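Laboratory data are not the source of any read-out in this text; all were calculated from the coordinates shown. Bear in mind the structure is a predicted one, so any value in this text is a computation, not a measurement.
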Amino acid sequence: MDSPQAVQLGPRKKRPRQMGTSGASIPHDVRFRDLVLFILEKKMGTTRRAFLMDLARRKGFRVENELSDSVTHIVAENNTGSDVLEWLQLQNIKASSELELLDISWLTECMRAGKPVEMMGRHQLVVRRNSSLSSVPGSQNGPAAVQRISQYACQRRTTLNNYNQVFTDAFDILAENDEFRENEVSCLAFMRAASVLKSLPFPIISMKDTEGIPCLGDKTKCVIEGIIEDGESSEAKAVLNDERYKSFKLFTSVFGVGLKTAEKWFRMGYRTLSEIKSDKSLKFTQMQKAGFLYYEDLVSRVSRPEAEAVSMLVKEAVVAFLPDALVTMTGGFRRGKMTGHDVDFLITSPEATEDEEQQLLHKVTDFWRQQGLLLYCDIIESTFEKFKQPSRKVDALDHFQKCFLILKLHHGRVHREKSSEQEGKSWKAIRVDLVMCPYDRWAFALLGWTGSRQFERDLRRYATHERKMMLDNHALYDKTKRMFLEAESEEEIFAHLGLDYIEPWERNA
Ligand code: DCT
Ligand code: MG
């Protein structure tokens, strides 16, 4: 699906020369006198250039046919900053430091706005450090693609095709260790580094390949260097052998056990789950009791066929009580992952009254309880307020009504290619999250619950720092206009933010 942002300006394919052959274009009034544009033909082509020049002039921009001293902005497409400098050098033109080198996305946004828009980092063409003008562009491993990588995950397309897993696995371990030790700054640095490497369309082979990639600091580069040299990360290896890391990893693998409880058990000297389970003096929450009871099922990940079977179960039950309800699988499965630690669903209804909306999760879970399918259920009531501004916290939980469940999924409901039923037991315990949202907030809730977490964090950070807007799972607020921006689809939210649409399977940041 193309978002409104993805529209191409002008013809891309060559057309028979018929239009514009009459010569001089009609003069237009210049409305924006401070800027003088020059559009580079290289890699763009004559037709598209002519189209863009004409369009920009019609919108009141001054566009020069030739590159002269008066030009303030050079706009290029599919060129890096180095490419443009190289071209200037070939023309014997010395680029002044005031000359702006901009990507076509800037002009596109100006055309949409009908006036010059603010130049952001993402519009500026990057000039590679040490770029050797004699080298053949694109001859190396990936540098052409390294040019304009954004520091924000929401401006990168991150599929599950990860070329840099050796590096990202190490970063994930190091980030998790920092999370366990509550080293927030370092944790975030490793998560951002992992995230940016997951988006690269090529594997990193030498340190040279990391040039121009954002979000890589000294510490992360040091880890990369180690892996390039030894094939593995000594830092990550040390963490995997670390007593505290191993214990925290094990303890937090129990449903209902967070950092605080893990810390407590670690301090008490426990290192295995059986020690903990046999300590009669320990008090467990209902959640933790269920976590221990169904531990084996819950640590074995949920497969896609299992997620599909749960989806059928959820849809059948929901529609029985609210026939017009929409049920959407969100989380990792919506992003195309083949396994998950749970299955997430978003539910809404265009027609339901507030009462019906509030009752649905209760009715659905009661129905499953009667059928003996509800192994654990915790319903959190809504604290949603219509006119509340979005939260400033990046990791804040949303206010929608939701329930955290463990469902009994009978093997008979799962369509498998070949039967892989375990002996003895005819079902598997599966973690399921259901979220109920008001119909007019569906797009925001869907965007928020699709993840990944890093993608969500960066969407909010981008909204705040680049757009003076506030985004969360409920709403988008424009601080400049002092108004809420409504949306019926994810595409509209991206458009409000001035972002190209990123498909769910490209959000695996
Ligand atoms: N989410 C969020 N903030 C939270 C919790 C969740 O933004 N505090 C979003 C991000 C992902 C989505 O909800 C679903 O969460 P998880 O199930 O934890 O993540 P997942 O990507 O589905 O991962 P998994 O495959 O392990 O379930
Ligand atoms: Mg999930």
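Brief remarks follow.
- Evaluating 6.51 cos²θ - 1.76 cosθ + 1.60 at θ = phi - 60° for every residue in segment 79-95, the Karplus couplings come out as 10, 8, x, 5, 4, 5, 4, 4, 5, 4, 4, 5, 7, 6, 10, 8, 7 Hz, glycine and proline recorded as x.
- When the pairs 246/280; 94/115; 264/289; 315/402; 264/408 are compared against a 20 Å limit on Cα-Cα distance, 246/280; 94/115; 264/408 fall above it.
- Computed lengthening from residue 260 to residue 157, 0.36 nm per intervening residue step minus Cα-Cα distance: 33.6 nm
- Fraction of beta bridges assigned by DSSP in the chain that are antiparallel (%, nearest 5): 60
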